[in-house]
Each structure stands twice: as structure tokens, then as C-alpha cells.
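Below: one structure, written as C-alpha cells.
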């Protein structure tokens, strides 16, 4: 179910040239987004515009909880889906700076079980393969079927996706990975691996991302959530961000909704590092601003050399079966768990049940934008998402 948001959405978002208005940009942007929100295609969403100096505009629209009549505001937090993977990349580079691992190390150097590519057992899977989605590991059926867990057994009248399992089915990240990737694992299958050698083919892999986070935990002897809090959230003053409900003010958490406006039962992710970060647009805007600073050599949370590694394109055309040159296709090339389009856009997208997210900055203008949505997207929702994004494009860099 986890995806790097709908490909057709990525391909067909085009640059916008909204007519300039006579009133101040922030008021004009707010008025435009409020009008879009009033269409009713999305229950709630938040946006931010940033540059290297910080967050220049942030606001929430619509509802974070329809039943409770709670507005979606600048303090609302929600899951950001696969944008979470970029935090794995930053964490790995920080650990490399600290001498606790190397991206070119075999992942088995750090794991409590072995992961061996069954078609190329003599070629080790490295951390670099994992962060560039070239490990040969694919996502098996169990990723969806076993990976979404209800937070509570009682969910009232909430709509529930069929593959949400009861809380008793929750596993640790290590157990989940071992059952899928270890040759003696309960859900192990050779078909989880491509018939391509490690490093040979790009294949987006949520399981591979979780494996990289598990390796980080073992290499640093620190839980992944603690490591990211210490080396990312605290330095950037991301005070409304965390991986588990106990780490955030959960009263500020948005509900998520189907495309018909029914509430989804609250769920957790077993493979949480690949998509489970809860944060606000304001906090994520601080992070995006730091990425822009890092791209210019002035970042705070990594050394300049590490940021260069983060933003170094790793892949060649021969490693793809096909790829889109859409403006916001974050899979045209890969850095360290961060994507590059062929149009100077750097960032990531994300999607989960009830969640759709975009986060990008322009490598030429050094301005960035993000959009977090708490609603599944039907066709009308897709068009509304695109309209919001085009509006952000039109106002980007005006503040």
C-alpha cells in the first residue's frame, strides 16, 4: 500500500502562472487556498513555503477531526508517509560522520540475522544499495498485509481498511524484517528479491528502507527514534515531531479520512521508519529549510561533506526499466534516500491510507514547498491536490 504518491499526479503537475493580484502575497495565498479548501474534496491539509532563512509561510486548512469539529491549523500533526525515508538518510550520514558505520559496508555487518540475495549470494547488499533502492529487495505481499496495525481494538464506527490488523499482531521492526528477509524467516520467499544483482536495478523498496534503519540501530546501539530525536529534531527545534504517539502531543494529531470523508481507524506502521513520522507543516518546513542550507554548504545537522553525499545523484539510466521526466518525479535519480527530478526539484513524496504528501525544493532558486493532506485522493482529490500545488508554485519565493 505504501507508495511514492500516485505517479500520474507526479507526471501531470505542471508549472502554474496564476494571475498576480493587488493585495499582499500572504493574504492572497491564504485567500486562494481557502477557496480551494471550500471545494470539499479534501477534509484537511497544511502547506509551507520555505527558503534557506526558514519557514516563510505556513498554514492549515479544513478539518483535522470532523466529529470533534477541530480545525486543521499550524499546530496539527499527521503522518507524512514516505517523506519519512529522508530522515533515515540523514541519520545514516550522521552515524557515518561519527564513525559508527559506512554506507559502503555490507548491511550484514550490523544485523542480528543475515540477508542474502538468493540469486547473487556472493554479492553483499550494502547500505548504499539500500539508500538508493538498488538492493534487489522488493516489497512482498506481507508488507501490506502484516504492516498496518490498529492502535486500539475498539474503533467504534470508524471505517477500517481490510488489511489493518488487531494490536495483538504488532511486531518489532527487527522481527518484521527477519520474518521477511532472513532465509529461515516465516514469510521468506526468493521472489522478494529481483533477479538482478545488488546495485544493478532501481526498485523502490519500503522493506529495504526499514532494513537500513534497523542496521543504524544496531550500528549505533541506539533506537532509531531516539537517534533521530537527538541528531535531527532537537537541533532543528522540531518540537512537534515523533515516531510514536508517546513522543508527541497526540491531541494535536489529525484524523485521516477516506475519499468519501469517512474516518479511518487510527493505525501504526510496523516498518515505521519508512513512513511513520508524525510532524506538522511548521516542523517539516524547518527540516526542508535545513535541506536547502545543506545543499548550499551551510547546513547545521551534518558536515558539508555529508550533505554533498546526501545530494549526490547515484544512478545511471541503465539502472531503470523506465522513468518519467515529470517535474516532480522524485525517482528520476536518487541521493541518500532523497529523490531528484529532471527539472531541478529535490525532495520526496509519500502516500499511505488517508495520507498524501509532497516536499520539494528547487535547486536553482533555493526555495521549497510542502503539502500534507489527511484524505485519500479520488479523481477530484487529485485535481484539488494539483491545484494547491500549482498555487504554492505561483507564490513560491515571494516572501
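Structure values in brief
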quantity	calculated
In the stretch 205-232, the residues that are in contact with a strand residue (DSSP E or B) (Cβ under 8 Å, 6 or more places away or on another chain) and within 21 Å of residue 335 (Cβ to Cβ)	205, 207, 208, 211
Residue in the stretch 150-160 that is in a loop (DSSP other than H, G, I, E, B), within 21 Å of the chain's Cα centre (by Cα) and more than 19 Å from residue 85 (Cβ to Cβ) present	yes
Every residue from the stretch 364-399 that is touching a helix residue (DSSP H, G or I) at 6+ places or on another chain (Cβ under 7 Å), under 30 Å from residue 161 (Cα atoms) and not in a helix (DSSP H, G or I)	370, 371, 372, 373, 375, 377
Output for the stretch 284-306, where each listed residue is part of a helix (DSSP H, G or I) and either farther than 16 Å from residue 347 by Cα or free of Cβ contacts under 8 Å to residues at least 40 places away in the same chain (or both)	294, 304, 305, 306
Sole exception among (1) part of a strand (DSSP E or B); (2) more than 19 Å from residue 281 (Cβ to Cβ) for residue 324, by number	(1)
Residue list for the stretch 27-44, restricted to those being within 25 Å of residue 345 (Cα to Cα) and touching a helix residue (DSSP H, G or I) at 6+ places or on another chain (Cβ under 7 Å)	29, 32, 33, 36
Identity of the residue in the stretch 290-327, in contact with a strand residue (DSSP E or B) (Cβ under 8 Å, 6 or more places away or on another chain) and surrounded by 22 or more Cβ atoms within 10 Å (Cβ to Cβ), that ends up nearest to residue 50 (Cα to Cα)	292
Some residue of the stretch 26-35 being surrounded by fewer than 23 Cβ atoms within 10 Å (Cβ to Cβ), within 19 Å of residue 253 (Cβ to Cβ) and at pLDDT below 95	no
Residue in the stretch 250-271 that is touching a helix residue (DSSP H, G or I) at 6+ places or on another chain (Cβ under 8 Å) and in a helix (DSSP H, G or I) present	no
Filter result for residue 44 (in contact with a strand residue (DSSP E or B) (Cβ under 9 Å, 6 or more places away or on another chain) and at pLDDT 95 or above)	yes
The stretch 202-241: number of residues that are under 15 Å from the mean Cα position of the chain (by Cα) and more than 19 Å from residue 337 (Cα to Cα)	1
Test result for residue 117, within 30 Å of residue 163 (Cα to Cα), in contact with a strand residue (DSSP E or B) (Cβ under 6 Å, 6 or more places away or on another chain) and at pLDDT 95 or above	yes
Matching entry among 144, 175 (being surrounded by fewer than 17 Cβ atoms within 10 Å (Cβ to Cβ), within 25 Å of residue 352 (Cβ to Cβ), without any contact (Cβ under 8 Å) to a residue 24 or more places away in the chain and within 24 Å of the chain's Cα centre (by Cα))	175
Matching entry among 231, 188 (being assigned to a loop (DSSP other than H, G, I, E, B) and either in contact with a helix residue (DSSP H, G or I) (Cβ under 7 Å, 6 or more places away or on another chain) or within 18 Å of residue 113 (Cα to Cα) (or both))	188
Qualifying residue in the stretch 322-334 (condition: at pLDDT 95 or above and under 26 Å from residue 98 (Cα atoms))	yes
Near pairs, Cβ below 7 angstrom, 6+ apart or cross-chain, from the stretch 52-66 (surrounded by 19 or more Cβ atoms within 10 Å (Cβ to Cβ)) to any residue that is at pLDDT below 95	56/399; 57/26; 57/399; 58/74; 59/74; 60/74
The stretch 120-132, subset in contact with a strand residue (DSSP E or B) (Cβ under 6 Å, 6 or more places away or on another chain) and assigned to a loop (DSSP other than H, G, I, E, B), residue surrounded by the fewest Cβ atoms within 10 Å (Cβ to Cβ)	124
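The values are calculated or read from the model by the stated rules, or taken from the named source; none is laboratory data. In this text the structure is predicted, and so the values were computed from the model without any measurement. Cβ atoms come from the backbone with ideal geometry, glycine included; neighbour counts cover every protein chain shown.
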